[in-house]
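The values are calculated or read from the model by the stated rules, or taken from the named source; none is laboratory data. Note that the structure is a prediction, hence the values are computed from the model and not measured. FYI the Cβ positions are ideal-geometry reconstructions off the backbone, even for glycines, and counts take in every protein chain you see. Ligands, DNA and RNA are stripped out before the accessible areas are found, and what is left, the full protein with its side chains, is counted by its heavy atoms. Shrake-Rupley method; radii C 1.70, N 1.55, O 1.52, S 1.80 Å.
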Amino acid sequence: MIKAEALVAVIGGGPAGLMAAEVLATHGIAVTVFDAMPSVGRKFLLAGRGGLNLTHSEASADFLSRYGARSGELAPMIDAFGPTALRDWAAALGIETFVGSSGRVFPKEMKAAPLLRAWLARLRANGVRFAVRHRWLGWGQSPDASAQVLRFATPDGERSVTATAVVLALGGGSWAKLGSDGAWVETLRTQGIDVAELRPANCGFDVSCGDGQTPGWSTHFLERFGGAPVKSLAAQCTDPLGRTHTHSGECMISATGIEGGLVYALSAPLRDTLAAQGEATLYLDLAPGRSLARLTTDLARPRGSRSMASHLQGQAGIKGVKAGLLRECLSAAAFADPAQLAAGIKALPLRLSATRPIDEAISTAGGVRFEGTESGLMLQAMPGVFCAGEMLDWEAPTGGYLLTACFASGRAAGRGVVDWLAGCGQ
């Protein structure tokens, strides 16, 4: 066996890296987790600030469909460690979970910290070591082709670590202040690894209202409704292939556009349409419980001396920020024609001009392509180097899908290392 400071180095202390370390430790393999931050799991803790959404309870086929084009690659990992297994795993840590009204699964305490504390305690009890404030710089020269020399920047200067195998779990490119800065992309590309460009996912968008050319909201609208939630909506958009995507929920008016759960769920087709066509339109149904025919009839009723605001509220239930959106995005002529106004309420065209910056996104798309990996997520071009988590080329909406795939891919990479070491006679 090769003598090594860390037999296996896991770089990145998020869910994927910690799960890989757990698998390795349970097989009696010495492992050290390296992380650039002063402590591990920082993005995980942030994700749990509003209630940690661990996974989702929907049927397996529906669950896997949330991963889109990469559902085939992720299916074996999620079949091996999916929502039920994840809940059982949390229970073994003393963390009880429950299914919310939306089907999402949360810890009973609605917090990430208790789970992370229990998990780290178990990892340490199993012999996992941690080296924080270690920012990975890439590889150094190795005198032995079967060993990996890893370079780290630390508060005490550069440090080299020799390992038999490496699991890279460095996250995507969002939330750089928590360690996921995407700096690893060029490091891997210099080694000949095919990495798809990182792009924002589950992100907000900038708008161009009125004439479609002027960026952002009008000053009047933003002063009244900036930061306001828009509830009880349905939305629709078309992707570059002409496929229609729909979702229901709510969103929020941001300083430059729109964000929130409804928008995040449609962010992939909207982002791809922007990239392909230079613009995208999100159609908002402001009254999903009413038909176009009923709205047209109701709005055609005489309003007498009542204001248009009173007429909209009385006949269509439209008020506040929804009424403001109509004023922002429809012409004056549309308000004089009940048919046009009803059509606007049912399919308000919100023109999007850009995604918000990648560092504001909840997650990222792109990363190490699965085509460049072997079974167990080992890089074909670099034997002994495995990848896991968000740095792989997949994306998913919020709702527990992101975390589930991070846990599952971390477990798959850990098992991949175990099998590879066994095959090498380590």
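Find the residue count for segment 161-177, including only residues that are at pLDDT 95 or above and open to solvent by 30 Å² or more (accessible area, probe 1.4 Å).
1
Among the strands (runs of 3 or more DSSP E) contained in segment 339-408, which hold 1 or more residues that are open to solvent by 10 Å² or more (accessible area, probe 1.4 Å)?
In segment 339-408, the matching strands (runs of 3 or more DSSP E) lie at 348-355.
Wholly within segment 32-89, which helices (runs of 4 or more DSSP H) include no fewer than the required count, namely at least 2 residues that are of a type in the set (Asp, Glu) and open to solvent by 30 Å² or more (accessible area, probe 1.4 Å)?
Working: elements: 42-47, 60-65, 71-80.
Per the criteria, 71-80.
Within the set of pairs 6+ apart or on separate chains, which have a first residue in segment 41-59 that is within 17 Å of ARG87 (Cβ to Cβ) and modelled with pLDDT under 90, a second that is open to solvent by 40 Å² or more (accessible area, probe 1.4 Å) and part of a loop (DSSP other than H, G, I, E, B), and C-beta atoms under 7 Å apart?
The qualifying pairs are GLY48/LYS111; GLY51/MET110.
Which condition does CYS203 not pass, out of (1) at pLDDT 95 or above; (2) open to solvent by 20 Å² or more (accessible area, probe 1.4 Å); (3) under 22 Å from the mean Cα position of the chain (by Cα), if it passes all the others?
Exception for CYS203: condition (2).
I need the full set of residues from segment 251-282 which are assigned to a helix (DSSP H, G or I) and either among the hydroxyl-bearing types (Ser, Thr, Tyr) or closer than 20 Å to SER232 by Cβ (or both), in order please.
GLY261, LEU262, VAL263, TYR264, ALA265, SER267, THR273
Just to be sure I understand the filter: pairs with C-beta atoms under 7 Å, separated by 6 or more residues or on different chains, first member in segment 196-208 and of a type in the set (D, E, K, R), second member in a strand (DSSP E or B) and open to solvent by less than 10 Å² (accessible area, probe 1.4 Å). Which pairs pass?
Close Cβ pairs (under 7 Å, with a partner that is in a strand (DSSP E or B) and open to solvent by less than 10 Å² (accessible area, probe 1.4 Å)) amount to GLU197/GLY366; ARG199/THR364; ARG199/ALA365; ARG199/GLY366; ASP206/GLY257; ASP206/LEU352.
Can you confirm whether GLU109 is acidic (Asp, Glu), modelled with pLDDT under 95 and assigned by the TED database to the domain that holds VAL40?
Yes: the conditions hold for GLU109.
For segment 111-133, does any single residue satisfy the condition of being open to solvent by less than 70 Å² (accessible area, probe 1.4 Å), in contact with an Asp or Glu (Cβ under 9 Å, 6 or more places away or on another chain), part of a helix (DSSP H, G or I) and without any contact (Cβ under 8 Å) to a residue 40 or more places away in the chain?
no
Exactly one condition in (1) part of a helix (DSSP H, G or I); (2) modelled with pLDDT under 95 is not met by ALA4; state its number.
(1)
Select from segment 299-332 the residues that are farther than 21 Å from LYS231 by Cα and either in contact (Cβ under 8 Å) with a residue 24 or more places away in the chain or among the small types (Gly, Ala, Ser) (or both) and list them in ascending order.
So the first thing to find is which residues in segment 299-332 are farther than 21 Å from LYS231 by Cα, and the list is 299-308, 331-332.
Scanning segment 299-332 gives LEU299, ALA300, GLY304, SER305, SER307, MET308, SER331, ALA332.
Quickly run through segment 270-289 and pick out the residues that are surrounded by fewer than 18 Cβ atoms within 10 Å (Cβ to Cβ) and under 20 Å from HIS311 (Cβ atoms).
Selection gives GLY289 alone.
Residues in segment 320-369 that are farther than 19 Å from LEU299 by Cβ and of a type in the set (Asp, Glu): how many?
Counting residues in segment 320-369 that are farther than 19 Å from LEU299 by Cβ and of a type in the set (Asp, Glu) gives 2.
Tell me, which residue of segment 17-31 that is outside any helix (DSSP H, G or I) and among the small types (Gly, Ala, Ser) is surrounded by the most Cβ atoms within 10 Å (Cβ to Cβ)? Quick ask: steps written out before the conclusion?
If we filter segment 17-31 for residues that are outside any helix (DSSP H, G or I), which is where we start, we get 27-31.
Filter once more, keeping what is among the small types (Gly, Ala, Ser): 28, 30.
On the way: GLY28: 9, ALA30: 16.
Among residues in segment 17-31 that are outside any helix (DSSP H, G or I) and among the small types (Gly, Ala, Ser), the one surrounded by the most Cβ atoms within 10 Å (Cβ to Cβ) is ALA30.
Restricting to segment 90-104, give me the number of residues that are open to solvent by less than 50 Å² (accessible area, probe 1.4 Å) and touching a His at 6+ places or on another chain (Cβ under 7 Å).
1
Confirm whether PHE98 is hydrophobic (A, V, I, L, M, F, W, C) and closer than 23 Å to ALA268 by Cβ.
Here the answer is no, as PHE98 does not meet what is asked.
Only one of SER142, SER160, SER174, SER146 is of a type in the set (Ser, Thr, Tyr), in contact with an Asp or Glu (Cβ under 7 Å, 6 or more places away or on another chain) and under 30 Å from PRO383 (Cα atoms). Can you tell me which?
When all the criteria are applied, what remains is SER174.
If you check every pair at least six apart or on different chains, which have Cβ atoms under 6 Å apart with a residue in segment 213-240 that is assigned by the TED database to the domain that holds GLY278 and touching a residue at least 60 places away in the same chain (Cβ under 8 Å) first and a residue that is in a helix (DSSP H, G or I) and surrounded by 14 or more Cβ atoms within 10 Å (Cβ to Cβ) second?
Going by the 6 Å Cβ cut-off, the qualifying pairs are PHE221/GLY324; PHE221/GLU328; PHE225/VAL321; PHE225/GLY324; ALA228/VAL321; VAL230/VAL321.
Please work out if ALA265 is over 17 Å from CYS251 (Cα atoms) and surrounded by 14 or more Cβ atoms within 10 Å (Cβ to Cβ).
No: the conditions fail for ALA265.
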